[in-house]
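Worksheet: the structure to be examined is printed underneath.
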Amino acid sequence: MNADDREAALALLRWYVEMGADEAIAFEAADRLAPPPASIRLPAPIGGQSPRPVPAAAPPALTEPLGEAAQSARRLASGADSVEALAALVAGFEGCPLKRTATNTVFIDGNPAAPVMIVGEAPGADEDRIGRPFVGRAGQLLDRMLAAIGLDRSGVLITNVIYWRPPGNRTPTAAEIASCLPFVFRLIALVRPKVLVLSGGTAAGALLAQSQGITRLRGRWFELAVPGLDQPVPTLPMFHPSFLLRTPERKREAWRDLLSLRARLDELLAVAPPSG
Ligand code: URA
């Protein structure tokens, strides 16, 4: 292979990765080259106006259609009266363009009745393949962190601010986050967690009206106002497990935050023990 061929092959591979085709092996072959449907209809909003067609063929000009997508998400999410109903709405939502390159919708894992809810960033390759959040290396570290304070997936509900894998694991854009955020807030309102953990800077930046980065935010408790809840939710930003895998020397701070989470949870459970 000469230098030009090599450059062309690398450019093609880069293009595949950008388009989300970066998995060499899967249980079922995904036809990434299949033409998109002529148009995609949003699910009918509950109690709202008629569905609006969204052009699917070309990548949308970023701001406008995604602004509409966020509005559509808000209308849909506000009509969900259970986690199951919300899951069905998310699965049918076509307003986030990441869905077109993802293999699976990744919504929640764990226990919707649990006192702790954890919000991460977005699915990676393993989550996209399996359809559940935090099942790869970062998820395994998250499980070990939870185990260290006596929790497992039956004691937490895990989700992300984005439900579809960004190609090549890039950070989701503000517009992509905006199109999913109404579902995230509705999930919090339906689950009513005693405490919320924001795992990493993307989740913290999306849910808290704070301009500081995660290094400044982590370990501090916030009171998050959530539409539909009459009480704010105690909320703790922490380092993301992927960051801790790359930067193990920051685990000391993560450990302090875990102890703070355990203490706050014990306090809240002592005031109102779980029913049943
Ligand atoms: N990182 C996240 O933020 N979420 C996942 O589900 C997996 C990795």
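Things to note:
- Leading residue by the ranking (nearest to the ligand (Cβ to nearest atom)) among those in the stretch 91-141 that are assigned to a strand (DSSP E or B) and open to solvent by 10 Å² or more (accessible area, probe 1.4 Å): Asp109
- Qualifying residue in the stretch 220-243 (condition: over 23 Å from Leu181 (Cα atoms) and out of contact with any strand residue (DSSP E or B) (no Cβ under 6 Å at 6 or more places or on another chain)): no
- Scanning the stretch 228-256 for residues that are over 22 Å from Leu190 (Cβ atoms), loosely packed, with under 12 Cβ neighbours inside 10 Å and acidic (Asp, Glu) returns a single hit, Glu249.
- Qualifying residue in the stretch 163-183 (condition: surrounded by 22 or more Cβ atoms within 10 Å (Cβ to Cβ), free of Cβ contacts under 8 Å to residues at least 40 places away in the same chain, within 13 Å of the chain's Cα centre (by Cα) and within 16 Å of the ligand (Cβ to nearest atom)): yes
The values are calculated or read from the model by the stated rules, or taken from the named source; none is laboratory data. These numbers were taken from a predicted model, which means no experiment stands behind them. All Cβ positions, glycine included, derive from the backbone under ideal geometry; neighbour counts span all protein chains shown. Note: accessible area is taken over every heavy atom of the protein model, side chains too, but ligands, DNA and RNA are not part of it. Shrake-Rupley method; radii C 1.70, N 1.55, O 1.52, S 1.80 Å.
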